[in-house]
Amino acid sequence: MLKPLNFLSASSCVMFSRHSSFVSKMRYMNKLKQDDEACVDALLNGRLLLFHRLAPLLRRSEGGRFRSRMLQCSDVQAVLQKLGTDASLVKESFLIGCEQNQAQFCLDVGQLDRVSVENLCEGTFVDLNKAFFLLSGVEAPLVAKGKALLHWHQTNKFCGATGQLTCRNQAGSQRVCSSSGKVSYPMMSPVVIVLVSDGKRCLLGRQSSFPPGLYSALAGFCDMGENLEEALCREVAEEVGLEVQNISYSSSQHWPHPHSSFMLGCHASVSPAHTELSVDHTELEDARWFSLDQLTAALQVRAPPPKGQRGVLWLPPKHAVAHHLISEWVERQRRLEAGQEVAPA
C-alpha cells in the first residue's frame, strides 16, 4: 500500500493563501520552475493530467459533455503500483498550470497498457484532434499545453549542438546539455492565420488531411526575416493567388500542431473586383468563398457530421483562433446589415 501523503505544511498554506491574485500565481509558478525541491513538493500535493502516447485522458460528465480527467498525485501513484510500475514515475511529470491552490502537471504513461489505465482512472484516452471538439474552451488550452510540452521533451533528449544527452529541470521548463551546459527552452513556431473577406463573403480553405466538410482560415508559417504582414501577404498569394489589403490583428493562440505553433490571427480584405481564386493544390485541397448565411449555419454545428454525410460545412473548434476570426466576421456583418456599423472605405 502507498504511504499517505503529508498534508501541506503551515508555511505552504501561508504561501498558497498569498496566491489569490494573478501576479502571485505567476510568481508561484515561476518559483516552481526555478526550485526543483519546491516543484517536487507541489507535485506530490498536486493534480495530474494523464496522456497515453500524447492522447489526453477525458471523462464524460453527467451532462454528456467531456472534461479532462485530472487526478490527485496519490491516485496516480496508486494506479502505477496496481499496474506493477514504480510510483516514482510521477516525477517524470511536467508543470503546466496552477488552479485552486494546486499545481497542475502532465504525465505520459504510454509505456503502460492503455485499457488498464483507462479502467483504473475511469476515463478514456482520446486523440487530441478529436478531444479539441469535445472539450470546452476553458480546458482545451491546458490539454494543448500538456501535449506540446510532452512532445518537446520526447524529441529533445539530445543536444542539437553536441549530440549529448540533455537533462530536464523538475518543472520541465528547460533542458540542459550534459556536456556543454547549453540551456534549451520549449519553442513555438510563429504561424499567421488570416480570414480574407471581399466585403460580402469570406474565404476558407481545407487541406487533404482535414476531415470531410471541415474548412478553416488560411494559415502558414512565417519565414525567417519576415514580419507578420509580409508573411500574411505571401501565404495568401501562394495559396490562392490573391493580393490582400487592410490587414488588422485580432488575437493570438498557442496551438499544439504540428508540433507547437504560435498562431497570430488577422483579418484582411481584397477588392470585390479581384476575387477569382487560383488555388495551389500542393498547399490546399480546396478553397472557396462562403456567404454570411453559410457561415452562420456552420457556427451552429456543434459536432462533426456523421461519417459518410457530405455537404455539411463545419468549422474548427470553438477555442481555435480560426473559429474566433469567423465569429468576429459574422458578428460584424450582422451589425453592418443592421446599420449599427459603417463599412470600411
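Sub-6 Å Cβ pairs linking a first residue in region 170-181 that is outside the structural domain of GLY97 (by TED's automatic domain parsing) to a second residue that is of a type outside the set (S, T, N, Q) and assigned to a loop (DSSP other than H, G, I, E, B), at least 6 apart or interchain, are GLN174/TYR185; CYS177/CYS159, ordered by first then second residue.
Kindly check whether there is at least one residue in region 42-49 that is in contact with a helix residue (DSSP H, G or I) (Cβ under 6 Å, 6 or more places away or on another chain), surrounded by fewer than 21 Cβ atoms within 10 Å (Cβ to Cβ) and not basic (Lys, Arg). Scanning region 42-49 turns up at least one residue that is in contact with a helix residue (DSSP H, G or I) (Cβ under 6 Å, 6 or more places away or on another chain), surrounded by fewer than 21 Cβ atoms within 10 Å (Cβ to Cβ) and not basic (Lys, Arg). Residue count for region 125-169 under the criterion of being in contact with an Asp or Glu (Cβ under 7 Å, 6 or more places away or on another chain) and surrounded by fewer than 21 Cβ atoms within 10 Å (Cβ to Cβ): the result is 1. Residues that are part of a strand (DSSP E or B), assigned by TED's automatic domain parsing to the domain that holds CYS39 and closer than 15 Å to PRO141 by Cα are absent from region 117-124 altogether. When PHE210, PHE221 are checked against the criterion of being at pLDDT below 95 and under 22 Å from HIS151 (Cα atoms), PHE210 stands alone in meeting it. What about VAL191, is it in contact (Cβ under 8 Å) with a residue 40 or more places away in the chain and either over 25 Å from the mean Cα position of the chain (by Cα) or within 30 Å of SER269 (Cβ to Cβ) (or both)? Yes: the conditions hold for VAL191. For a quick check of your reading of the model, give me the residue pairs whose first member lies in region 249-269 and is closer than 14 Å to ALA217 by Cα, whose second is in a loop (DSSP other than H, G, I, E, B) and of a type in the set (D, E, K, R), with beta-carbon atoms closer than 8 Å and at least 6 apart or on different chains. As it stands, the answer is SER269/ASP198, since those pairs meet every condition given. When the strands (runs of 3 or more DSSP E) confined to region 66-107 are screened for residues that are of a type outside the set (S, T, N, Q) and surrounded by 16 or more Cβ atoms within 10 Å (Cβ to Cβ), those reaching at least 3 such residues are found at 94-99.
GLY160 falls short on exactly one of the conditions (1) in the same structural domain as ALA298 (by TED's automatic domain parsing); (2) at pLDDT below 95; (3) within 30 Å of LYS91 (Cα to Cα), and that condition is (1). A single entry from SER271, SER327, SER252 fulfils the requirement of being outside the structural domain of ILE96 (by TED's automatic domain parsing) and part of a loop (DSSP other than H, G, I, E, B): SER271. Screening region 187-225 for residues that are in contact with a strand residue (DSSP E or B) (Cβ under 9 Å, 6 or more places away or on another chain) and closer than 30 Å to VAL90 by Cα and picking the one that is surrounded by the fewest Cβ atoms within 10 Å (Cβ to Cβ) gives SER189. Contact map, region 334-345: residues that are over 17 Å from THR296 (Cβ atoms) paired with residues that are at pLDDT 80 or above and among the polar types (S, T, N, Q), Cβ distance under 7 Å, separation 6+ or inter-chain. Pairs shown: PRO344/ASN246. Among the residues of region 97-111, is any modelled with pLDDT of 95 or more and either charged (D, E, K, R) or touching a Pro at 6+ places or on another chain (Cβ under 8 Å) (or both)? Yes, the conditions are met somewhere in region 97-111. Among the residues of this structure, ASP108 does not count as one that is charged (D, E, K, R), touching a Leu at 6+ places or on another chain (Cβ under 9 Å), more than 17 Å from SER260 (Cβ to Cβ) and not assigned by TED's automatic domain parsing to the domain that holds SER261.
The values are calculated or read from the model by the stated rules, or taken from the named source; none is laboratory data. Keep in mind that what you see is a predicted model, and the values were worked out from it rather than measured. Cβ atoms come from the backbone with ideal geometry, glycine included; neighbour counts cover every protein chain shown.
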